[in-house]
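**Q** Submitted below is the structure of interest, expressed as structure tokens.
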Amino acid sequence: MKIFFKRILLLLPLLFLTSCFDILDKVNVKADGSGEYSLILNASKSKTRLASISKMETINGKKVPKKAEIESKINEAARIFKSVPGISNVKTAMDFDNYIIKLSCNFKKIENINTGLEQLKAKNILGKMIPTQIYANNPAKKSFVRNKINTFKSDYDKLSTADKEVFNNAKYTSVLQFENTVKSQSNNAYQLSPNKKAMKLEGNILDFILQKKQIQNTILFQ
């Protein structure tokens, strides 16, 4: 697993054995910089195929993780997040009938999420290539930033045809919600809501891996 979106959650490898899955990350930020964070992996569109795969030992030369292994990794990630100062109310939800998994928490400042990701990397739950300084917020300057991530095209090019197919129909959606009203943004690929307090970026995961779509955005508030 050599690509960011394939390695970002080694705790959920079963979902990456099918090309039809969705990743949703959602951030809700209050005026004081605190807020809520959630990450949802949804492979319900492929639940019949995944149910069959889960009974196998290997597929495409890779070991198929069992339910107990996935649960263990998710619970370990939750324990690590709980230990990070500024992070609280960590919750996990695992629906193995529909293959939907969720991790959520509250934060005092968005940089706490960066620290949590760093801790997951230190414990080898995240791959070494994972960018962890994803967010930055400055309430005093009324700004919020999603930092640029590196391209993983060279790693993608090294994958086998079967591994590349995993990304064909995989989707990624990012939702940002704010208590403050957005005045401007640097990346107009994000769709701004009519009330200017929420924005959404969505697309094929492969487009983000190859940087046909950019995640970085600098948002200024009124």
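**Q** Can you find even one residue in segment 183-198 that is in a strand (DSSP E or B), surrounded by 14 or more Cβ atoms within 10 Å (Cβ to Cβ) and touching a Lys or Arg at 6+ places or on another chain (Cβ under 8 Å)?
**A** Within segment 183-198 (the criterion being in a strand (DSSP E or B), surrounded by 14 or more Cβ atoms within 10 Å (Cβ to Cβ) and touching a Lys or Arg at 6+ places or on another chain (Cβ under 8 Å)), the answer is no, since none of the residues qualifies.
**Q** Within segment 102-132, track down each residue that is surrounded by 19 or more Cβ atoms within 10 Å (Cβ to Cβ), modelled with pLDDT of 85 or more and closer than 16 Å to ILE70 by Cβ.
**A** Selection gives LEU103 alone.
**Q** If we scan segment 53-76, do we find a residue that is assigned to a helix (DSSP H, G or I), closer than 18 Å to ASN168 by Cα, at pLDDT below 75 and not aromatic (Phe, Trp, Tyr)? Break it down into steps so the answer makes sense when it comes.
**A** From segment 53-76, those assigned to a helix (DSSP H, G or I) are 53, 67-76; that's our starting set.
This time we only want the ones that are closer than 18 Å to ASN168 by Cα, so: none.
No, every residue in segment 53-76 fails to be assigned to a helix (DSSP H, G or I), closer than 18 Å to ASN168 by Cα, at pLDDT below 75 and not aromatic (Phe, Trp, Tyr).
**Q** Follow-up question, since we're still on this one. Consider SER186 against the criteria (1) farther than 18 Å from ILE40 by Cα; (2) among the polar types (S, T, N, Q); (3) within 20 Å of the chain's Cα centre (by Cα): it satisfies all of them except one. Which criterion is unmet?
**A** Among (1) farther than 18 Å from ILE40 by Cα; (2) among the polar types (S, T, N, Q); (3) within 20 Å of the chain's Cα centre (by Cα), the lone unmet condition for SER186 is (3).
**Q** Between residues in segment 29-54 that are of a type outside the set (A, V, I, L, M) and residues that are at pLDDT below 75, which pairs lie under 7 Å by C-beta distance while being six or more apart or on different chains?
**A** Pairs that qualify, where the first residue is of a type outside the set (A, V, I, L, M) and the partner is at pLDDT below 75, are LYS45/CYS20; SER46/THR18; SER46/CYS20; ARG49/THR18; SER54/LEU14; SER54/VAL64.
**Q** Quick check on segment 139-155: of everything there that is charged (D, E, K, R) and not in a helix (DSSP H, G or I), which residue is surrounded by the most Cβ atoms within 10 Å (Cβ to Cβ)?
**A** The residue in question is ARG146.
**Q** Exactly one condition in (1) farther than 26 Å from PHE221 by Cα; (2) free of Cβ contacts under 8 Å to residues at least 40 places away in the same chain is not met by ASN114; state its number.
**A** The failed condition is (1).
**Q** Here's a follow-up. Quick one: would you say ASP32 is of a type in the set (Asp, Glu) and either at pLDDT below 75 or loosely packed, with under 15 Cβ neighbours inside 10 Å (or both)?
**A** yes
**Q** Could you go through segment 156-170 and let me know if any residue there is at pLDDT 80 or above, in contact with a strand residue (DSSP E or B) (Cβ under 6 Å, 6 or more places away or on another chain) and either buried (at least 17 other Cβ atoms within 10 Å of the Cβ) or of a type in the set (Gly, Ala, Ser) (or both).
**A** no
**Q** Looking at LYS213, is it under 21 Å from the mean Cα position of the chain (by Cα), of a type in the set (Lys, Arg) and surrounded by fewer than 16 Cβ atoms within 10 Å (Cβ to Cβ)?
**A** Values: under 21 Å from the mean Cα position of the chain (by Cα): yes; of a type in the set (Lys, Arg): yes; surrounded by fewer than 16 Cβ atoms within 10 Å (Cβ to Cβ): no.
It is false that LYS213 is under 21 Å from the mean Cα position of the chain (by Cα), of a type in the set (Lys, Arg) and surrounded by fewer than 16 Cβ atoms within 10 Å (Cβ to Cβ).
The values are calculated or read from the model by the stated rules, or taken from the named source; none is laboratory data. Just so you know, these numbers come straight off a predicted model, no measurement behind them. With ideal geometry, Cβ positions are generated from the backbone for all residues, glycine too; neighbour counts draw on all protein chains shown.
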